[in-house]
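Readers should treat all values here as calculations from the given coordinates under stated rules, not as data from a laboratory. None of the values given here were measured: they were computed from a predicted structure. When we count neighbours, we look across all protein chains shown, and the Cβ atoms used for this are built from the backbone with ideal geometry, even at glycine.
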Amino acid sequence: MRDKFWGGLSIILAVLGGFGCKTNLANIPVTNNNTAVSSVAPVPLRDTITLQQDSIPEWVSKKGPYQPARTLLSDLIHTRLKIRFDWNKQQAIGEAVLTLKPYFYPQNTAVLDAKGFTIQRVKLVSGTATKDLQYTYDNLKLTVKLDKTYTRNQEYKLLINYIANPNNLQVKGSVAITSDKGLYFINPLGKEPNKPKQIWTQGETEANSAWLPTIDSPNERMTQEFYITVDPQYTTLSNGLLVSSVKNPDGTRTDYWKMDKPHAPYLAMMAVGEFAVVRDKWRNLNVDFYVEPKFKNTAKAVFGHTPEMMEFFSKKLGMDFPWQKYASVVVRDYVSGAMENTTASVFMESLQLSRRELLDTNWDFIIAHELFHQWFGDLVTLESWANLPLNESFANYSEYLWEEHKNGKAAADALNLKELNEYLAEAETKQEPLIRYHYQDKEDMFDSHSYAKGGRVLHMLRNYVGDEAFFTALHNYLKANQFTSVELAELRMAFEDVTGEDLNWFFDQWFLKPGHPDLKVVHTYQNGQVKLAVTQQQDSLYTPVYRLPVTIAIYNGKEKKEHEIVITKAQQEFQFPVKSQPELVVFDAKQQLLGTIDHPKTEAELIYQFYNVDQYLPKYEAITKLTEKVNEPAVLAMIRSALKDKTFQIRSAALNALAKYTGSESEILFKELQQVAKKDQKSAVRADAVTAIASLNNPAVFEILEQSLSDSSYAVIAAGIEGLITTKNGQVAPKLKQFDNSTSSELLRALSGYYARFGNPTYFDWFLKNIEIVKGENLYFFTQNFGGFLMNFGPQVDLNKGIIKLEDMARNHETYFIRLAAFQALSIASDSEEQRKKLIEIKKNEKDPKLIRIYTNIPD
């Protein structure tokens, strides 16, 4: 699972005041610093650290009860399901035949998960004969009294006729997965314009039991046969292979999907809709992309690297893609970023792009993430949700592996920095072990610890043992545990078997303990020696004193010498012989450590570092730490040279720095930025150049911003519009009308900000139309801008109509942060007593614990 719009969601959650972990999913302001600077003073020399605490951190006091793996009394062997749908009632009518046996101990009852069903009958199946069985049902569990006591060697079959009522369930969810009702009808009555009718499922964590009687636990395994009956215009997708498609006498069609390799019940899936199926191949396997028909011509441009990814991962792991086929389907109103159902991943609609949108957007990271899950999560599955990082950390790290393979190490390291900052932002309010058996709710596991921190921990493990040992151990781990469920110990033992080393120290401190190292590093030179003092500043009351193998690089002129050290104490000193005073000392020269590092360097050292250390992170650090000195000639020269760097993220960092320039060369610099805004091949860099230009005091700014509106990239146009807002140019609304009918969420978000400030009452209908079109994090900002528009123009428009729309979103939108945006928009759209009462009622009726926490801090 990848919440996927993790990156965009991070911005939103920062806006929410630090609340959050994807989420997609599903967390995290991204900072501009390569290394976070600690404000904690160095502690006295000792081997343990305990800093003064005013109170116990909330994440400690709310630890939660012990959450064991589910005890399996019965073992689900196979599921045979016949299912059809009532679109009007949003129900699924199912007949399931479950093959079970006692897991070990004899059993005379079977307990199944079945949420919100209408149970019609339960029978024992023996050959062609059936026998009614007694059962009890409490709307969550179906307990069936069997005809006798069965032993672990005796299989039996239960036939269950039922109606699934997913909309009757109380909806919960997480940051990564915003709803857990399992089965979703999209536009079921066909009344929503420009939205197709679809049905799809979302099983993680334990939501498939909302449409399928099962044992809904990750440590269970089943094979399956699904017979899906639909009207003939619809295409279906499910796990495994499509065996047959048969027309029925009533005009419907039944598609028979067979999955003959066992997998966890939460990975079962169905999707129904009017999809175009774009075919591809990997070796002899089908690789298919299911999209809405109007996007069939760009599906391969979005998903086309999938076969190459399958080949790359298969070779890297020494284990071929393990399933019968692979399909990707894009659906509307998805409750996450994507989900790795076995052989058939589901993706949010943001992956349906026009040719023009493809200029700005690459979804390879989320495609790689879900694909890697087919090994880590689907083939080898976590035993309990406490072990979620055994799924998500690997999928997260696959994004690094693919980026490294496809675009080079610098691009991968840029991604790694983003992941580090996501985790560090969350760690300010929450620090947990990666593998955590204590939590309040299993959904709490879907956070930046399981994703971002976990991926970085695997990166450190790879750097420590080396590539050959790392991938050999992963191969052995997969081979030994395929089609089973695992805990952390299996992974550790796989690495120990390969390396011959006891790695308990690594797995204990990084997987089983909370927190991260917070390092103060100081280097000095005297008498032919470089002395390096390292202090671990984290509070060891809750966080360990770490064992940290790191590389130190010392630069003398053009000569570079590396030294391997191991930090094991709260404060240590290391000495290295050198010929003369070095130009630079780089701590963690492999740039792999997860933690915060405060290593003071002079301006001269940072400039030397930029020109001589050919790695992304040191270059990025030099730019960001010298941004405030951009007016100084040597710094300006360095940052201007960064505009020509091969890594586009470095070029963007340079532009962000140059936006702060106020010196005498502003005219020359302005012309350079103009050229970047016009000619850089990367649209993100052109957009950053436009943003930088908007911040400069130059008479030609307005001309450049208007020129940006002609760019081929929506991102650049959006940057231009936002620049016009920044410069308070309210005279260009007529020129922006050409974009009013765009379907680009990014562009519509930017327009909404402009029209909220400089529009007029005639844009009221434009807001109402496009609030139905904008998606994801862009909708968060669009909705807030609508509130600003109503605040500015409310007396001149149908204010009540706008408030009704926002109120409906604040109460009913399926995504919690959109409900929050609507609530915030309502609070500024009107200050009437009636409005205040509505806001109080909305807060009172909110069921999502994430929003309840936020609303608790908002006064009535």
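State the Cα centre-to-centre distance between the stretch 279-312 and the stretch 581-639 in whole Å.
41
When DSSP assigns beta bridges and you keep just the ones with both residues in the stretch 74-373, what percent turn out antiparallel, to the nearest 5? Let's see the in-between values first.
On the way: 77 of 91 bridges.
If I count the DSSP bridges inside the stretch 74-373, around 85 percent turn out antiparallel.
What size of dipole, in debye to the nearest 20, comes out for the chain about its Cα centre when the only charges are +1 on Lys and Arg C-beta atoms and -1 on Asp and Glu C-beta atoms?
Numbers: 97 positive and 103 negative charges, 284 e Å.
For this selection, approximately 1360 debye.
For the stretch 693-767, what relative contact order do you get, as a whole percent, if you take Cα pairs closer than 8 Å and at least 6 residues apart? Could the numbers behind the result be given before it?
Values: 62 pairs, mean separation 21.2, N = 75.
Relative contact order here is 28 percent.
What is the calculated FRET efficiency for Asp808 to Gln233, with r their C-beta to C-beta distance and R₀ = 35 Å, to the nearest 0.05?
On the way: r = 30 Å, r/R0 = 0.86.
Computed FRET efficiency for Asp808 and Gln233: 0.70.
Under 16 Å between alpha carbons, and skipping anything fewer than 8 positions from Lys294 in its own chain: which aspartates and glutamates qualify?
The qualifying aspartates and glutamates are Glu274, Glu349, Glu357.
Note down the magnitude of the dipole of the stretch 624-783 about its Cα centre, charges +1 on Lys and Arg C-beta and -1 on Asp and Glu C-beta and zero elsewhere, to the nearest 20 debye. Provide the component values of the computation, followed by the final result.
Working: 19 positive and 17 negative charges, 49 e Å.
Computed charge dipole of the stretch 624-783: roughly 240 debye.
Where the eigenvalues come from the Cα gyration tensor of the stretch 613-856, what are the semi-axes √(5λ) of the equivalent ellipsoid, largest first, in whole Å?
Details: eigenvalues 301, 90, 46 Å².
Taking √(5λ) for each eigenvalue gives 39, 21, 15 Å, largest first.
What number comes out for the charge environment of Ile552, summing +1 per Lys or Arg and -1 per Asp or Glu over other residues with Cβ under 13 Å away?
Working: positive: Lys531, Lys560, Lys561, Lys590; negative: Glu562, Glu564, Glu573, Asp588.
So the surrounding residues net to 0.
Run the paramagnetic zone check for Asn108: 7 angstrom along Cα to Cβ, then residues of the stretch 144-168 with backbone nitrogen under 20 Å.
144-158
Taking every pair of distinct Cα atoms and averaging 1/r, then inverting, what Kirkwood hydrodynamic radius in Å comes out for the stretch 763-860? Spell out each step's value before the answer.
Numbers: mean 1/r = 0.0749 Å⁻¹.
Final number for the Kirkwood radius of the stretch 763-860 is 13.3 Å.
I need the calculated FRET efficiency for the pair Glu562 and Thr726, taking r as the beta carbon distance and R₀ as 51 Å, to the nearest 0.05. Write out the running numbers ahead of the final one.
Values: r = 45 Å, r/R0 = 0.89.
The value I calculate is 0.65.
Restricting attention to the stretch 623-713, which GluC sites (Glu not before Pro) occupy a DSSP loop and are surrounded by at most 11 other Cβ atoms within 10 Å?
Details: sites: Glu628, Glu665, Glu667, Glu672, Glu703, Glu706; in loops: Glu665.
Listed in order of number, the matching sites amount to none.
Once the other residues with Cβ under 13 Å from the Cβ of Pro859 are scored (Lys, Arg +1; Asp, Glu -1), what is the net sum? Each step should come with its number before you reach the end.
Details: positive: Arg836, Lys843; negative: Asp860.
Cβ neighbours under 13 Å give a net charge of +1.
Give the separation of the Cα centroids, the stretch 788-860 to the stretch 122-160, in Å.
Measuring centre to centre over Cα atoms gives 49 Å.
Starting from the Cα of Lys62, draw a straight line to each of the aspartates and glutamates and keep only those under 14 Å, dropping any in the same chain fewer than 8 residues away.
Qualifying aspartates and glutamates at Cα under 14 Å: Glu432, Asp441, Asp444.
Cα-Cα over 26 Å: which of Lys805/Lys844; Lys601/Lys679; Lys737/Lys838; Lys197/Lys805; Lys560/Lys660; Lys775/Lys805?
Numbers: Lys805/Lys844 19 Å; Lys601/Lys679 35 Å; Lys737/Lys838 35 Å; Lys197/Lys805 22 Å; Lys560/Lys660 33 Å; Lys775/Lys805 16 Å.
In this structure, Lys601/Lys679; Lys737/Lys838; Lys560/Lys660 exceed 26 Å between Cα atoms.
Would you please calculate the Kirkwood hydrodynamic radius of the stretch 434-533 over all C-alpha pairs and express it in Å, rounded to one decimal?
Details: mean 1/r = 0.0626 Å⁻¹.
When all Cα pairs of the stretch 434-533 are included, the Kirkwood radius is 16.0 Å.
Strictly over 20 Å apart at the Cα level, which of Lys629/Lys728; Lys531/Lys569; Lys115/Lys247; Lys181/Lys843 would you flag in this model? Let's see the in-between values first.
Details: Lys629/Lys728 28 Å; Lys531/Lys569 16 Å; Lys115/Lys247 31 Å; Lys181/Lys843 22 Å.
Those over the limit are Lys629/Lys728; Lys115/Lys247; Lys181/Lys843.
By how many nm would the segment from Ser126 to Glu573 grow when fully extended, if each residue of separation counts as 0.36 nm and the alpha-carbon distance is taken off? Each step should come with its number before you reach the end.
Details: separation 447, 0.36 × 447 = 160.92 nm, distance 7.46 nm.
That pair, Ser126 and Glu573, stretches by 153.5 nm at full extension.
How do the peptides 73-81, 595-603, 647-655 rank, highest first, by the average count of neighbouring beta carbon atoms within 10 Å per residue?
647-655, 73-81, 595-603
Working out 0.36 nm times the residue gap between Asp798 and Arg70, then minus their Cα-Cα distance, what length gain in nm do you get to one decimal?
Here the answer is 256.6 nm.
Determine the percent antiparallel among the DSSP beta bridges restricted to the chain, to the nearest 5. Write down the numbers at each step before the final one.
Values: 107 of 128 bridges.
Given both bridge residues lie in the chain, the antiparallel proportion sits at roughly 85 percent.
Using 0.36 nm per residue of separation minus the Cα-Cα distance, give me the extension gain between Arg757 and Asp147 in nm, one decimal.
Numbers: separation 610, 0.36 × 610 = 219.60 nm, distance 7.18 nm.
Extra length from Arg757 to Asp147 when fully extended: 212.4 nm.
For labels at Lys62 and Asp860 in the simple 7 Å Cα→Cβ model, what's the distance in nm?
2.3
For Asn527 and Arg279, FRET efficiency with R0 = 56 Å and r from the beta-carbon atoms, rounded to 0.05? Don't jump to the answer; show the numbers that get you there.
Details: r = 71 Å, r/R0 = 1.26.
Calculated transfer efficiency: 0.20.
Which value at 222 nm does the chain reach when only helices count, each DSSP H run of 4 or more adding -39,500 (n - 2.57), with the total divided by all residues and rounded to the nearest 500 deg cm²/dmol? Let's see the in-between values first.
On the way: 27 runs with 307 residues, N = 860.
The helix-only estimate for the chain comes to -11000 deg cm²/dmol at 222 nm.
Taking only C-alpha pairs under 8 Å that are 6+ residues apart, what is the relative contact order of the stretch 613-856 in percent?
For the stretch 613-856, the relative contact order is 10 percent.
Which distance in Å, rounded to a whole number, links the C-alpha centroids of the stretch 379-434 and the stretch 198-252?
With the stretch 379-434 and the stretch 198-252 each reduced to a Cα centre, they are spaced 31 Å.
So how far apart, in nm, are the two label points at His438 and Lys195 if each is 7 Å from Cα heading toward Cβ?
The modelled label-to-label distance comes out at 4.3 nm.
With contacts defined as alpha carbon pairs under 8 Å and 6 or more residues apart, what's the relative contact order of the stretch 74-373 in percent?
Values: 729 pairs, mean separation 45.1, N = 300.
Relative contact order of the stretch 74-373: 15 percent.
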